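Structure first, then comments.
The values are calculated or read from the model by the stated rules, or taken from the named source; none is laboratory data. All values derive from a computational prediction rather than experimental measurement. With ideal geometry, Cβ positions are generated from the backbone for all residues, glycine too; neighbour counts draw on all protein chains shown.
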Amino acid sequence: MTTQGTTERRAAGHAPSHARAGTPGGRGRAVVYGAVGVLGELLITLGVLLLGFLVWQLWWTDVEGDRAQAEIVRELDFVEPPPAAVEDEGPLVAEPRRDEPPAPAAEPAHAETLATLQVPRWTGEPERPISQGTDRPTVLDVLGIGHYPGTAMPGGVGNFALAGHRVTFGKPFNRIEELQIGDPLVVRTADTWYVYRVTSSEVVLPKDVRVIAPVPNEPGVEPTERFITLTTCHPMFSARERFIVHGVLDYWAPVSSGTPAELLGAA
């Protein structure tokens, strides 16, 4: 009886569930489930790759950038400040000079390091190299701070204009918004310190190149002062605008005479 009933049900089209998988509807569902599984695996893989890219972009490039820039500074053939005159005394403090500074050097070749920058306000930040040029592949991504070609050299009359990353690749200008009016910006060349003071800051569009004019924001005006301008992207993680800091030279001093008081915490 039971065998006969089962046979009749099969004959009537009531096939077992495993048999129904071979029907058009069953095959369709299998294809859909398979596609969903593949899509899920692709999304997981994409997520892992994206996470890896973010780790590389936001962390590892800083590790590599800091290491490379520190090595550049160590290898510079610059005059070293003299040691303490008397044992157990602190380093010699350079005497500020406000007379005519030395004639600035000629612009170096592209990607050549010409100076360094130290900012006392940025406690814990290292001395950063400044190299010729502002393109990303050969300067900003690999050397640190870039010098806009055609702008003044350190200590020269006009605008010593610099660019640097705010995030990634060592992010030398990451803390630019912390700067306040009067803060020192200490530039060191092979044999001379140049101590600039912050005078203003602003946010502009990328097209506003007037900020690096010889007289900042006054294109066509003949400069009589010695300016410095720092430029970087704004806001953080965006290139929509530029954050700009301007300064003017306060004093200069030979490196052989000592270290600026601003770097020794004495000013």
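Let's see how each residue does on (1) part of a helix (DSSP H, G or I); (2) over 19 Å from His147 (Cβ atoms); (3) without any contact (Cβ under 8 Å) to a residue 60 or more places away in the chain:
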site	(1), (2), (3)
Lys171	no, no, no
Leu185	no, no, no
Val203	no, yes, yes
Pro206	no, no, yes
Arg210	yes, no, yes
Pro214	no, no, no
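Hey, can you tell me all the residues within the range 247-261 that are assigned to a strand (DSSP E or B), in contact with a Pro (Cβ under 7 Å, 6 or more places away or on another chain) and either of a type in the set (A, V, I, L, M, F, W, C) or surrounded by 20 or more Cβ atoms within 10 Å (Cβ to Cβ) (or both)? Within the range 247-261, Trp252, Ala253, Thr259 meet the criteria.
Can you find even one residue in the range 219-233 that is outside any strand (DSSP E or B), in contact with an Asp or Glu (Cβ under 9 Å, 6 or more places away or on another chain), surrounded by fewer than 19 Cβ atoms within 10 Å (Cβ to Cβ) and at pLDDT 95 or above? Can you show your working first?
Applying the first criterion (outside any strand (DSSP E or B)) to the range 219-233 yields 219-225.
Keeping just the survivors that are in contact with an Asp or Glu (Cβ under 9 Å, 6 or more places away or on another chain) gives none.
For the range 219-233, residues outside any strand (DSSP E or B), in contact with an Asp or Glu (Cβ under 9 Å, 6 or more places away or on another chain), surrounded by fewer than 19 Cβ atoms within 10 Å (Cβ to Cβ) and at pLDDT 95 or above: absent.
Can you work out which of the residues in the range 132-145 that are assigned to a loop (DSSP other than H, G, I, E, B) and not aliphatic (A, V, I, L, M) is surrounded by the most Cβ atoms within 10 Å (Cβ to Cβ)? Before you say what the answer is, go through the steps one by one.
So the first thing to find is which residues in the range 132-145 are assigned to a loop (DSSP other than H, G, I, E, B), and the list is 133-135, 141-144.
Then keep just the ones that are not aliphatic (A, V, I, L, M); that gives 133-135, 141, 144.
On the way: Gly133: 19, Thr134: 20, Asp135: 12, Asp141: 18, Gly144: 31.
It comes out as Gly144.
The requirement of being of a type in the set (Asp, Glu), modelled with pLDDT of 95 or more and not in a loop (DSSP other than H, G, I, E, B) is fulfilled somewhere in the range 74-95, by at least one residue.
Within the range 108-131, which residues are without any contact (Cβ under 8 Å) to a residue 60 or more places away in the chain and buried (at least 20 other Cβ atoms within 10 Å of the Cβ)?
At the first step, the residues of the range 108-131 found to be without any contact (Cβ under 8 Å) to a residue 60 or more places away in the chain are 108-113, 122-125, 128, 130-131.
Thr113, Arg128, Ile130, Ser131, listed by residue number.
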